[in-house]
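Notes to accompany the following structure.
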Amino acid sequence: MGEIDRLVPSGLVEQWAMHLRRERSRASDALWLIENGFSIHDGRHGVPTADATERHRRELETTVREVALLLEQYDAINLRRTPDPVG
């Protein structure tokens with residue numbers, strides 16, 4: 001599938017970037033909680049059945065990493081610089 005050139009209003013792009021920043025912040029906060037002893041459990045009817053902390057930690061770390069890369073690309077476009085290839 002080829003690339004399609006479309007104009008996207010800058011306000012909409014700015015809203016997406018703000019949403020990404022919020023998601024990264026939420027994920028970072030949740031990681032902080034896990035690193036400071038909080039745990040997350042799968043459960044049924046309020047009864048924990050399995051510790052899901054490590055799975056959830058991996059998902060949060062992935063979110064932080066992917067959002068950081070997207071925001072770096074966004075900033076690179078806005079600041080007209082080359083994104084860091086390492087991330």
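Quick notes on this structure:
- The set of residues in the range 39-56 being of a type outside the set (Gly, Ala, Ser) and open to solvent by 50 Å² or more (accessible area, probe 1.4 Å) consists of Ile40, His41, Asp42, Arg44, His45, Val47, Pro48, Thr49, Asp51, Glu54, Arg55, His56.
- Residues of the range 4-48 satisfying the condition of being touching a strand residue (DSSP E or B) at 6+ places or on another chain (Cβ under 7 Å) and within 24 Å of Val64 (Cβ to Cβ): Ser39, His41, Asp42
- Pair list, Cβ < 7 Å and 6+ apart or interchain, from the range 2-24 residues that are in a helix (DSSP H, G or I) and exposed (fewer than 10 other Cβ atoms within 10 Å of the Cβ) to residues that are at pLDDT below 80 and among the hydrophobic types (A, V, I, L, M, F, W, C): none
The values are calculated or read from the model by the stated rules, or taken from the named source; none is laboratory data. All figures in this text were calculated on a predicted structure; none of them were measured in a lab. Note: ideal-geometry Cβ built from the backbone for every residue, glycine included; neighbour counts use all protein chains shown. Please note that ligands, DNA and RNA were not included when accessible areas were found on the heavy atoms of the full protein model with its side chains. Shrake-Rupley method; radii C 1.70, N 1.55, O 1.52, S 1.80 Å.
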